[in-house]
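Remarks on the structure that follows.
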Amino acid sequence: MYRFIRFAILLMGLISANSSFAADAQLEPLTTADDLGPVVEQPIEFPHNRHAKDMGINCIYCHTYSRRGNVAGIPPMQKCIGCHQNIESVRETPRIKKLFEYWDAKKAIPWKKVHDLPDFVRFNHERHIKRFVFQQNRPVQEVCGACHGDVKEMTVARRQKSLAMGWCMSCHEKEHVVVAAGGTPIGTAAYWYAMKKPAVKADGTVVAKGPNDCSSCHY
Amino acid sequence: MMDNNFDRRDFLKVLGWGGAAVALTGCGNTSVQDGKETVVSYVEAAAYVAPGISTYFNSTCAQCEAGCSISGRVREGRVLKLEGNADSVINRGKMCGLGQAGVQHHYNPDRVREPLLRNGDKGETITWEKAYELIAQKLDGVSGDNFDFMTGTISGHLKVLLSNYMDSLASKNHFVYEAISPAVQRAANLKSYGVAMPRFHINKAKVVLSFGADFLGAWVSPVHFSQQYAQFRKGNDGQRGVLVQVESKMTLTGANADRWLVVKPGTEGVLALGVINALGVAGLSLPASVAAMVKPYDKERVSQETGVSTEHLVKLAALLKERSPSLVLLGSAAEGYAHGSQNAAAINLLNQVLGNVGKTIEAAESVPFPQIAPSLGSSAALRMVGNRLADGQTKVLFTYGVNPVFTAPKDSNFAAHMAKASFKVAFAHYLDETALQADLVLPLDSALEDWGTHVAEYQPDGVQISIQQPLMEKLHANTRGMGDVLLTLIKKTRAAEYAEFEDYYAYVRTALLQNKRQFADAGVDDDVFWNDLLSAGLVNVAGTSNKLVANLASEIRLPASEGVDAKFPLRLIPSVTANLRDGRHANQPWLQESPDPLTTIVWDSWVEIHPKKAAELGIVEGDIVEVESKSGSVKAQAYLFNGIHPDAVSIPLGRGHDAMGRYAKGFGVNPFPMLDRIFDDETGELAMHETRVRITKTSTRVIVVKDEGAAGGNQHGKKIAMSMASDAVDLSGEA
């Protein structure tokens, strides 16, 4: 019995020592179970709902670079002004006034980064947009929303998913049918997956998982 | 645990559970940061700009005089990385370490950002308007004879503007200074070949005999020659090229040689004449005058004077006779003596005797626009400026691209003489030693922010005019391009003539457009031509071809073997390393960090001593030794090195700054001041290898910081790389 007690005490001590060490390293508590990020204050409270829901503007209209490169990008102020210089009805509202203050001073708006991955992770938007929007022809809001949540209900963006590696892998680990039963390939472009070859099932469907090569994202 | 019953299994269990606990607590979103960093979008971006996607712009490297063309990768408006421009015949897409460090010249935290006016010991920030006013005021009433402009090597349209500016002040005193330059060679080449810098076709030679020319490191155009060297090694007609290096201290090129011959410092010319004699003995036909001249240089005498064995001498002659064409190169080591010109003449004679002229040595083409051809620097310029300052002839001194206070021998008293000028302006990127002596420091755009054209001295094919264009917007609002500064200055006196040029960019553009016909097809639109030119980053034009002459030297006077100076028994070899050169880039930490190829030492200077000499003097690696000449002394760590003549020691040039920023100041020692003021008899160039020194041990010893590890790079005695006597090697089976 004493042996057990000593054992347990040692174990507790080790765990608490480790936990307290890790806790000090964290700046804030772990996110809650629904992976919701904190509310982030932006210099201008940009209403996504007004633009994406009411106006029905496509995400990629502003976040143009998502189909071009690594980052989707916050649009240059020119994009906002392009429309708003012609919209008299909201010209004197507080947020638009603030926008034009920045524009007249030619000062860039210092937005706060909401979806900020650590520097050792390199996520590439272009490949995901190419695959899901242009190849699988899914609606843009559904594709963007899969990772960024229902942005059309928000004003400023708030992180909706954990963005941790495990969460990314949960999608990459799903088996996708790339060739349907009967030999019909899904989509028009070839599928290529690093490391894991597509598996051929009994009925002729070919399924594959997403890239799980470390260097796909950590290079 | 006190209880002995605690056994291994429990220990492992605890370890396992504890480990899991750590892992579990380490999971989760501890590294995704919400709302901490800012992402600043553009205000207005050009259509082709996309974050994360790079655009490439071509320009010209300004880190040395080779003038390689570069391609800069620019992302989000910032230049991030430089690579070579594939279209350049000089560097063909390649680049050296010095070039890579160009970004550090640009982003250097110690760049001068504002015009500074001296107030006692301090520099006070003033506006550019005030600075120009002050210059106009100080030049007022000063005759052109009393105005001196000291620059480094200069070419292209900046040179044109500068000469026009000098003209506008009725001054002929533009001095071009380079602390390290092949000036002796240029003069000797003119005499022997009729051109100052011929083309050397290393890739066409079967044997290269280099008298200290470090063509893989820092000689003339290293990136170009390195590529030629690769072809040379691949071989002509299936025969791999053989490199023989003759020098008193091993250079990077020497380390690559098949045969490295150490010579007594200064006796390179004697060896060259000895080789000619041996060639004659081996049966090569020599012109009568030459045969008579080399008759006294028989192999015994030459061997005794140079230290090269008769066996090697004969072998070398045999090799040169058998494999033709060959190429004999001449480096700064051979030039650096009072008889440097004679050494050069002897070495050039060897090329002529071997029939290399016209085969591996050819004339370069003349630049079709001589006004943009490079003005080449020499150390004689330093003497001229120094003398004029000392005599009080110089009232106003402008400096650009030179640091004479750092590179001048102490006995020249340059800094003291400089103080005599009533007004000194330094056009500078950093507060280096010379800028600190100035009355007014004007901050310049970096090489990656400025416009310009460049014509390099060494032109391997045609004549390449390299374009320099900004790779990004200015980092600091108050720097100016040198061209813009000169344009503003010249507009003060010649306003009408230059009124049409809003800035230097307009000046260069107009000048190049005026000569459009020579660069492009007739009828091409101006804007199309200009955009294509900028896109390419260079233009190659045919120059007027030249012929080489065959001037055999009629008389070569080499000094007899000198006795040993008892007070200063050793010779000092100030070495030129590829990454430091004359010290202009010591504030680029990548270059300080790059280990010296031979000693692998970083961030510090050293004194290379042959192990035999070190044993004699009781010196071990790390001992701080004092190296003293008549003119000065330095203290540095000793490094034992087999690749040096036992009667010589070597200290690298380029370190030992006491200004020029946090990465340069205080690292290493500067051997420039301790060089004796001995000059080449013919050209007046500073004979940098003539300095004699003595070494004394101090009581300090340090650990040498080097990459090769404590055991050292010396493989002697470790039976790692075995060597055999050359006559015991049977290469008949080799392909």
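Just so it is clear, none of the values below were taken in a lab; they were calculated from the coordinates. Only a predicted model underlies this, so the values are computations on that prediction, with no experimental measurement involved. No Cβ is skipped: glycine too gets one built from the backbone with ideal geometry, and neighbour counts run over all protein chains shown.
Quick one: divide the alpha-carbon radius of gyration of the protein assembly as shown by 2.2 N^0.38 Å and tell me what you get. Don't skip to the answer; put the middle values down first.
Values: Rg = 34.5 Å, N = 954, 2.2 N^0.38 = 29.8 Å.
My calculation over the Cα atoms of the protein assembly as shown gives 1.16.
Quick check of the Kirkwood formula: for region B:459-508, what is the inverse mean of 1/r over all pairs of different Cα atoms, in Å?
13.0
Using Cα pairs closer than 8 Å and at least 6 residues apart in sequence, work out the relative contact order for region B:416-470, in percent.
27
Return an integer: the convex hull volume of the alpha-carbon atoms of region B:265-381, in Å³ per residue.
It comes to 123 Å³ per residue, whole-number rounded.
Quick one: of the DSSP bridges fully inside the protein assembly as shown, what percent are antiparallel, nearest 5?
Numbers: 60 of 103 bridges.
Percent antiparallel among DSSP bridges in the protein assembly as shown is about 60.
Assuming R0 = 35 Å, what is the FRET efficiency of A:HIS172 and A:ALA108, from their Cβ-Cβ distance, to the nearest 0.05?
Working: r = 35 Å, r/R0 = 1.00.
That pair, A:HIS172 with A:ALA108, gives E of 0.50.
Run lengths n ≥ 4 of DSSP H only: what is the helix-derived mean residue ellipticity at 222 nm for chain B, with -39500 (n - 2.57) per run over all residues, to the nearest 500?
My calculation for chain B gives -8500 deg cm²/dmol from helical runs alone.
For chain B, what relative contact order do you get, as a whole percent, if you take Cα pairs closer than 8 Å and at least 6 residues apart?
Reported as a whole number, the value is 17 percent.
Beta carbons within 10 angstrom, averaged per residue: use that to sort the peptides B:175-184, B:296-305, highest first.
Numbers: B:175-184: 24.2, B:296-305: 17.1.
Ranked from most to least packed, the peptides come out as B:175-184, B:296-305.
Got a sec to turn the phi values of region B:396-401 into Karplus ³J(HN,Hα) couplings, 6.51 cos²θ - 1.76 cosθ + 1.60 with θ = phi - 60°, whole Hz, x for Gly and Pro?
10, 10, 10, 10, 8, x
Among DSSP beta bridges whose residues both lie in chain B, state the antiparallel percentage, nearest 5. All intermediate terms of the calculation are to be shown ahead of the outcome.
Details: 50 of 93 bridges.
Antiparallel bridges: around 55 percent, rounded to the nearest 5.
Using just the alpha carbons, could you tell me how many Å³ per residue the convex hull of region B:194-247 encloses?
Value for region B:194-247: 82 Å³ per residue.
What list of ³J(HN,Hα) values in whole Hz, one per residue of region B:347-354 in order, does the Karplus curve 6.51 cos²θ - 1.76 cosθ + 1.60 (θ = phi - 60°) give from phi, with Gly and Pro shown as x?
5, 4, 4, 4, 4, 5, 4, 7
Taking each residue in B:41-49, count the Cβ atoms of any other chain within 10 Å of its Cβ, then average. What number comes out?
5
Principal axes first, then extents: for the Cα atoms of region B:619-735, list largest minus smallest coordinate on each axis, whole Å, largest first.
Principal-axis extents of region B:619-735 (Cα, largest first): 56, 43, 30 Å.
What order do you get for B:273-285, A:126-138, B:581-593 when each peptide is scored by the mean count of other beta carbon atoms within 10 Å, highest first?
B:581-593, B:273-285, A:126-138
Name the long-range amide H neighbours of B:ASP623: under 5 Å, sequence gap of 5 or more, or other chain; modelled H, no Pro or chain starts.
Amide H neighbours of B:ASP623, under 5 Å, 5+ apart: B:ALA638, B:VAL702.
What ranking do B:129-140, A:56-67 get when scored by the average of other Cβ atoms within 10 Å per residue, highest first?
A:56-67, B:129-140
Alpha carbon centre of region B:494-526 versus region B:654-690: separation in Å?
Their Cα centres are 41 Å away from one another.
Given the alpha-carbon gyration tensor of chain B, what are the semi-axes of its equivalent ellipsoid in whole angstrom, ordered largest first, with each equal to the square root of 5 times an eigenvalue?
42, 39, 29
If amide H atoms are built 1.01 Å from N in the plane of the peptide, which residues on other chains or at least 5 residues away come under 5 Å of the amide H of B:ARG480?
Hits under the 5 Å cutoff: B:LEU444, B:ASP445.
In terms of modelled amide H atoms, which long-range or inter-chain residues lie less than 5 Å from the amide H of B:PHE211?
Excluding prolines and chain starts, which carry no amide H, the hits are B:VAL246, B:LEU329, B:LEU330, B:GLY331.
Counting only C-alpha contacts under 8 Å and six or more residues apart, can you give the relative contact order of region B:124-192 as a whole percent?
So the answer I get is 34 percent.
Residue-wise, which Karplus ³J(HN,Hα) couplings in Hz belong to region B:78-91, taking 6.51 cos²θ - 1.76 cosθ + 1.60, θ = phi - 60°, and x for glycine or proline?
Karplus-based 3J(HN,Hα) across region B:78-91 equals 10, 7, 10, 8, 10, 9, x, 8, 5, 7, 7, 6, 6, 10 Hz.
Need one value for A:113-119: mean number of C-beta atoms belonging to other chains within 10 Å of its residues' C-beta atoms.
Across the residues of A:113-119, the mean count of other-chain Cβ atoms within 10 Å is 5.
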